[in-house]
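Worksheet: the structure to be examined is printed underneath.
Values quoted throughout were computed directly from the atomic coordinates according to the rules given, and no laboratory measurement underlies them. All values derive from a computational prediction rather than experimental measurement. Note: ideal-geometry Cβ built from the backbone for every residue, glycine included; neighbour counts use all protein chains shown.
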Ligand SMILES: *Cc1c(COP(=O)(O)O)cnc(C)c1O
């Protein structure tokens, strides 16, 4: 083992320590509804993306185990070799139908879908227009593509319009890439306004709908369906590890797009197929998403409930008024981390988000809601939060409760 490697890396880690950016992995187990066990201690999870409470649903486990008794655990090869199981194809058809597109292609994760699909579509002679708050995987995808990258201010369509106009004729292909729902603030990109703009300037559209898939829009078909432009977005990406409760991701679109990606998306080609049992579980999840609309309604009810409660304690959430991603801005990183730790001690796991995930000075609590939360759990969190905020960041408790 090289000592110089360890000493160099230790110095880098020390820098992170001083910047209060050291992180640790905690062991989370026994997920059931919104209950988890963290390092052996029971807690309620307000930090997951398990929006519909499906990750721990026994029906998904049954679908996977039934399958595991019949066939191999691993796909054993890349899909273009001997790793393409009929269930992969069945799931891709179901995903295309769910999204209202001609075809879909699965990837092992959302990160891999983005870093595979985007560099397949654009390259050196092309340009990508990106919202400043796009997910990290989209930023990495842009780098890998070697295309020119233009970032526009968050959801600012008139800035985007100016860029599109000024760039006319300079590039071969133009791709506009946005999150359907932004993961840190819970707001939606106005896709209904994006579509005519893209069309006017002959640009393609790519929507990462990791957070909307299964939850937003009619039947949970996603953000594009919510805005009524499902058929007009060129590339729809969604993930399976959030609302659908399993793991993996997909790109949906025209049959030609999918055929092209099959030949050109390197993160699809050069990787092992996902376990077929996972596809069995995901197919079950899609059935549940369709058959149990109450989960979506309950999620939105829960989001409204906690937002009302937060307003009552004088700490209204930022962002969209009914989003299930509920950010509570604190600002100072240390204070944010202390609040997160004290809530954890009280049995509530929430996201304490700091740079580099969000810009400096905007550290925040990120509470994510699930249909699995009970009113008691929500009230318990807000009560604990009120006390902790009062003690840790008194200046932030702006107003006393309304009579
Ligand atoms: C979570 C997320 C991803 C990554 O998906 P994984 O399946 O977790 O790799 C991509 N884009 C957005 C917007 C996300 O929130």
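Remark: the residue 272-residue 376 segment gains 33.1 nm on full extension, using 0.36 nm per residue and subtracting the alpha carbon distance.
Which FRET efficiency value, to the nearest 0.05, is calculated for residue 192 and residue 102 with the Förster distance at 30 angstrom and r the Cβ-Cβ distance? Don't skip to the end; give the middle numbers.
Details: r = 22 Å, r/R0 = 0.73.
For residue 192 and residue 102, the calculated efficiency is 0.85.
Over the range 272-368, all Cα pairs binned in 5 Å intervals from 0 give whole-percent P(r) values of 3, 12, 15, 17, 15, 12, 12, 10, 4, 1, 0, listed from short to long.
In the chain, what % of DSSP beta bridges are antiparallel (nearest 5)? Can you show the working numbers first?
On the way: 27 of 47 bridges.
Roughly 55 percent of the DSSP beta bridges within the chain come out antiparallel.
Values of log10 I(q)/I(0) for the range 312-403 across q = 0.10, 0.11, 0.24 Å⁻¹ run -0.24, -0.29, -1.46, by the Debye formula with one identical scatterer at each alpha carbon and no solvent.
Taking a ≥ b ≥ c as the square roots of the eigenvalues of the Cα gyration tensor, the range 163-255 is prolate, since a/c reaches 1.5 or more and a/b is larger than b/c.
Give me the orientation-averaged projected area of the Cα convex hull of the chain, in nm², one decimal.
Numbers: hull surface 89.2 nm².
Hull-based average projected area comes out at 22.3 nm².
The modelled label-to-label distance between residue 59 and residue 89, using points 7 Å beyond Cα along the C-beta direction, is 2.7 nm.
Taking the DSSP beta bridges with both ends in the range 58-291, the antiparallel portion is around 40 percent.
When the chain is treated as a Gaussian network with alpha carbon springs shorter than 10 Å, the biggest mean-square fluctuation among 266, 307, 22 belongs to 22. Separation of the range 265-342 and the range 113-162, taken as the distance between their Cα centroids, equals 24 angstrom. Please list log₁₀ I(q)/I(0) at q = 0.12, 0.17, 0.24 Å⁻¹ for the range 1-109, using the Debye equation with identical point scatterers on the alpha-carbon positions. One equal scatterer on each Cα of the range 1-109 leads to -0.80, -1.02, -1.29. Relative to the globular-protein estimate of 2.2 N^0.38 Å, the Cα radius of gyration of the range 103-190 stands at 1.08. Can you give the FRET efficiency for residue 78 and residue 168, using 1/(1 + (r/R0)^6), R0 = 41 Å, r = Cβ-Cβ distance, to the nearest 0.05? It comes to 0.50. Model label sites at residue 125 and residue 68, defined 7 Å from Cα along the beta-carbon direction, differ in position by 5.0 nm. Computed over the chain, the per-residue total of -39500 (n - 2.57) for DSSP H runs of n ≥ 4 gives a 222 nm mean residue ellipticity of -13000 deg cm²/dmol, rounded to 500.
Stokes-Einstein diffusion coefficient for the range 58-291 at 25 °C in a medium of 0.890 mPa s, Rh from the Kirkwood formula over Cα pairs: what value in µm²/s?
Working: Rh = 17.8 Å.
Once the numbers are plugged in, D ends up at 138 µm²/s.
In the range 364-389, whose amide N lies under 20 Å from the spot 7 Å out along Cα-to-Cβ of residue 22? List them in ranges. The answer is none.
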